[in-house]
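Note sheet for the following structure.
The values are calculated or read from the model by the stated rules, or taken from the named source; none is laboratory data. Values in this document were obtained by computation on a predicted structure and should not be read as measured data. Neighbour counts are summed over all protein chains in view; Cβ atoms, including those assigned to glycine, are modelled from backbone coordinates with ideal geometry. Heads up: the accessible areas ignore ligands, DNA and RNA and are worked out on the full protein's heavy atoms, side chains in. Shrake-Rupley method; radii C 1.70, N 1.55, O 1.52, S 1.80 Å.
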Amino acid sequence: MSILTVEGLTHGFGDRAIFEDVSFRLLKGEHIGLVGANGEGKSSFMNIITGKLQPDEGRIEWAKNTRIGYLDQHTALEKGMTIEQVLRSAFDFLLDMETRMNAICDRMSAPEGMSDEDMENAMEELGVLQELLMAHDFYMIDSKVQEIARALGLTELGLDRDVTELSGGQRTKVLIGKLLLEKPDILLLDEPTNYLDAEHIEWLKRYLNDYENAFILISHDIPFLNSVVNLIYHMDNRSLTRYVGDYDKFLEVYEMKKSQLEAAYNRQQKEIAELKDFVNRNKARVATRNMAMSRQKKLDKMEKIELAAERPKPEMNFKEARTPGRILFETKGLVIGYDDDDPLSGPLELRMERGQKIAVVGANGIGKTTLLKSILGLIPALKGKVETGDYLEIGYFEQETDQSVKNTCIEEIWGEFPSFTQYEVRTALAKCGLTTKHIESQVRVLSGGEQAKVRLCKLINRSTNLLVLDEPTNHLDVDAKDELKRALKAYKGSILMVCHEPEFYEGLVTDVWDFGQYTKRV
């Protein structure tokens, strides 16, 4: 049975086409990985099928009464709401049913009474509502909220905590928790492992493997994809292609089909060249004119094989500043956090020397981003101090883009490097894997991966000797991630990096700091 049918989907932004005549079917129990390079339209596809975005053309049809749960990259959480309130909001539709039940009961017990027919209809509706409430565990809401909160490590944060005070990983856990409590018929997950620590990525992996309903998952985390999906849909060159199996199987079949198409294209080009040569040599001679015309007709009727334009491959090379002093920074009794009564760490005695490349790891919300900002002096320490070394030239990569900024990519880079010519700005962005049409768009309308590439472009073109990177791989596609790792390995400066992906930092860093051992003991 088809849960979702998409036919003839066409959509674009301005003169930039995203989809052309795309068709798609989702069947019961399918676990789909939606993959493709940054900017190919994966998040736009999710927004179209959920009705957040209207397509230019096409039909999107859901099976009747299908309940959709959608975790997107940019879901906003309302200031003033607590973790518990967000989790309980998963049951709003059930609370609405309870309100309807109470209204029916009030009508039934009203002094003026009801006719026999109205009473029969009311009793029937009451029965349906009661069955739905039972089926969705309405009378176990509190225990369900507690169960999910414990599983995702939210209980220890305090369920009365304001959601806008949470770290990126904690926020993602709250949204995932709400989604799972809703018990939808289909899950739509856009980069769910971004910001999640290793423990909760494993938890989500187990959950999705046991999940009986269908889901569509966007992710650039290949080991995670391989462990949970049984189908791949590849979004590329305005089309959507289905492959059976996990990501590795898709890649094997895709590369084989690509090689076969290239071989067929080369054969056809050779044949076209030979036919054109024959026509040119023989069309003017009476004796061979008919043969030349026959060859020309064959050329005219030939269905030409076309190769998709190769996407620009990122090419990242970090500029290096002068050699700094031996000690880059030392912390002395440093206590980090935002509240003297609730610090994120005990006194920290940390030291980083020239040449070290360090990955900072640990659970969500323990203060890794706060540590980076405290070392950089972006937020004040609660206690203690940071002493920095001589001749430091620091490049800082933040997790997210400020969504209120309306600059285009060109304006964003020009603002950072006003001496660049337009050609130099465009070349710098292209080397990070952005196309001309991306370059001329506002940064805030780009995908998460494209926005990350703009921030990397700023970093690459500034001379540094210490890179401070906060989750640099989030949202990046496979090609960009591979190139970033290569560039960081080649970088002769030092690196301090928060990262949850062992497959990225292994073979790159010289040291791993598990920040959990430095945080306060409760």
In terms of solvent-accessible area of protein heavy atoms at a 1.4 angstrom probe, what is the ranking of C105, C457, highest value first?
C105, C457
How long is the gain from R206 to Y423 if the chain were fully straight, where each residue apart is worth 0.36 nm and the alpha carbon distance is subtracted?
73.2 nm
From the phi of every residue in the range 175-189, what ³J(HN,Hα) in whole Hz does the Karplus formula 6.51 cos²θ - 1.76 cosθ + 1.60 yield, where θ is phi - 60° and glycine or proline is x?
5, 5, x, 4, 4, 5, 5, 5, 6, x, 6, 8, 9, 10, 10
To the nearest Å, what is the center-to-center distance of the range 179-253 and the range 1-35, using C-alpha atoms only?
16 Å
Whole-number accessible area per residue in Å² for the chain, which is evaluated in the context of all protein chains at 1.4 Å:
50 Å²
Cα to Cα, under 22 Å, and not fewer than 8 places away if on the same chain: which lysines meet these conditions relative to K319?
K357, K431, K453, K458, K481, K485, K489, K492
The answer for G493, listing residues at least 5 apart or on another chain whose modeled amide H is closer than 5 Å to its amide H, is none
Potential extension, Q85-I60 segment - 0.36 nm per residue separation minus Cα distance:
5.7 nm
Fully extended, how many nm does the chain gain between R67 and Y139 (0.36 nm per residue separation, minus their Cα-Cα distance)?
23.9 nm
Applying 1/(1 + (r/R0)^6) with R0 = 45 Å to the Cβ-Cβ distance of L376 and R100, what FRET efficiency is obtained, to the nearest 0.05?
0.25
Mean residue ellipticity (222 nm) of the chain, computed from DSSP H runs ≥ 4 via -39,500 (n - 2.57), nearest 500
-12500 deg cm²/dmol
Nearest-0.05 FRET efficiency for I305 and V253 at R0 = 22 Å, using Cβ-Cβ distance, is 0.70
Considering the zone a paramagnetic label at Q269 would reach in this model (a point 7 Å from Cα along the Cα-to-Cβ line), which residues of the range 304-348 have amide N under 19 Å from it?
304-313
Euclidean distance of C-alpha centroids, the range 67-138 and the range 296-369, integer Å:
46 Å
Take the solvent-accessible surface of the protein heavy atoms, probe 1.4 Å, and return the percent of it on the range 352-459 that carbon and sulfur atoms account for.
48 percent
